[in-house]
Amino acid sequence: MREQFNSMLKTAMKAGDRRRVDTLRMINAGLKDRDIEARGTGKIVSDDDILALLQKMVKTRQESLAIYSQAGRTDLADQEREEIAIISEFLPKALSEDEVKAAIAAAITETGATSIKDMGKVVGLIKTKFPGQIDFAKASGLVKAMLAG
């Protein structure tokens, strides 16, 4: 993925696409921060870690977009929309709500979960099977609801 970011950055620089250049540089800066964090623990930043970073960046921009829209700052809201679109190009296609529910049901069956105490096993399995495709904040609520009743 890193090579893809760098090649797209070069292409955007040649094309003079300022927003794309800035966004790709921001992604690279986030990756370097992750590399520095990982260096201390001896871990290597994997593609799954990169996907998690990208998802966090999108979520942050969505929150900013909502704030800017409420405040009537359309210029900043448009900037956030553009950045979300650029970052989202690197993320796998998100699952629909029905697909998420089906994935949760399958994970519950596969783990043999019967109560909320087993929620961690179910969420862990979903995270490994669908990295970058599910908003796990929403999925946790669905898992909890499905296990509760």
Estimated distance in nm for a label pair at Arg39 and Arg25, the labels positioned 7 Å out from Cα along Cα-to-Cβ: 2.1 nm
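Treating the beta-carbon of each Lys and Arg as +1 and of each Asp and Glu as -1, no other charges, what is the dipole magnitude of the chain about its Cα centre, to the nearest 20 debye?
Here the size comes out at about 260 debye.
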Can you run phi through the Karplus equation (6.51, -1.76, 1.60; θ = phi - 60°) for region 59-71 and list ³J(HN,Hα) in whole Hz, with x for Gly and Pro? 4, 4, 5, 5, 5, 5, 4, 4, 5, 5, 5, 5, 7
Please give the helix 2-15 orientation as an angle from the longest Cα principal axis of the chain, in degrees from 0 to 90, rounded to the nearest 10. 30 degrees
What ³J(HN,Hα) values, in whole Hz, does the Karplus curve 6.51 cos²θ - 1.76 cosθ + 1.60 give for region 98-103 when θ = phi - 60°, with x put for Gly and Pro? 5, 5, 5, 4, 5, 5
Charge dipole (region 2-88, unit charges on Cβ, about Cα centre) - positive-most of Thr11, Ile27, Ile84: Thr11
Note down the relative contact order for region 97-148 as a percent, whole number, built from C-alpha pairs under 8 angstrom at least six residues apart. 44 percent
Would you compute the Debye intensity of the chain from its alpha-carbon atoms alone, equal scatterers and no solvent, and pass along log10 I(q)/I(0) at q = 0.16 Å⁻¹ to two decimals? -0.98
Average Cα contact separation per residue, the chain, under 8 Å, 6 or more apart, as relative contact order %: 19 percent
Euclidean distance of C-alpha centroids, region 1-50 and region 94-149, integer Å: 30 Å
What does the helix-only formula give at 222 nm for the chain: each DSSP H stretch with n ≥ 4 adding -39500 (n - 2.57), the total divided by the residues, and the result rounded to the nearest 500 deg cm²/dmol? -26000 deg cm²/dmol
Using the alpha-carbon atoms, what tilt in degrees (0 to 90, nearest 10) does helix 119-129 show relative to the longest principal axis of the chain? 50 degrees
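Values quoted throughout were computed directly from the atomic coordinates according to the rules given, and no laboratory measurement underlies them. Not measured: the values here are computed from a predicted model. Cβ sites come from the backbone with ideal geometry, for glycine too, and all protein chains shown count toward neighbours.
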